[in-house]
Amino acid sequence: SDLGWSNFVNIKGISIGDADGDGVLTVADVTSIIDYILSGDPGSFYSINADIDGDGVVGIGDVTAIIDMLLSETDH
């Protein structure tokens, strides 16, 4: 028995910081979070990925954390 899992066509894993759900961490994720904070309109927004600090709220601290993540990737 598949317990209903066959009903899911596209399952994406949690990718910390990938707020827009495109599978990569980029400046577009920062923009997506800022748009969410300013408008409150989730659109195609993955809040579980955007809540970097895990406090249950997507806010400016998460934006800062993603920018830090992006900068640490470019240091290599």
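The values are calculated or read from the model by the stated rules, or taken from the named source; none is laboratory data. Note that the coordinates shown come from a computational prediction; the quantities given were computed from them, not determined experimentally. Glycine also receives a Cβ, built like all others from the backbone with ideal geometry; neighbour counts cover every protein chain displayed. Surface accessibility is based on the protein's heavy atoms, side chains included, excluding ligands, DNA and RNA. Shrake-Rupley method; radii C 1.70, N 1.55, O 1.52, S 1.80 Å.
Observations on the model:
- Among residues of segment 16-29 that are without any contact (Cβ under 8 Å) to a residue 12 or more places away in the chain, those with a beta-carbon under 6 Å from a residue that is in a loop (DSSP other than H, G, I, E, B) at least six positions away or on a different chain give the pairs 28/20.
- Among the residues making up segment 52-76, those that are β-branched (Val, Ile, Thr), open to solvent by 50 Å² or more (accessible area, probe 1.4 Å) and assigned to a helix (DSSP H, G or I) are 60, 64, 67, 74.
- Here segment 16-28 is the region considered, the condition is being more than 10 Å from residue 66 (Cβ to Cβ) and touching a helix residue (DSSP H, G or I) at 6+ places or on another chain (Cβ under 8 Å), and the residue that is most open to solvent (accessible area, probe 1.4 Å) is 22.
- Scanning segment 29-51 for residues that are open to solvent by 60 Å² or more (accessible area, probe 1.4 Å) and either charged (D, E, K, R) or in contact with a Phe, Trp or Tyr (Cβ under 7 Å, 6 or more places away or on another chain) (or both) yields 35, 36, 41, 42.
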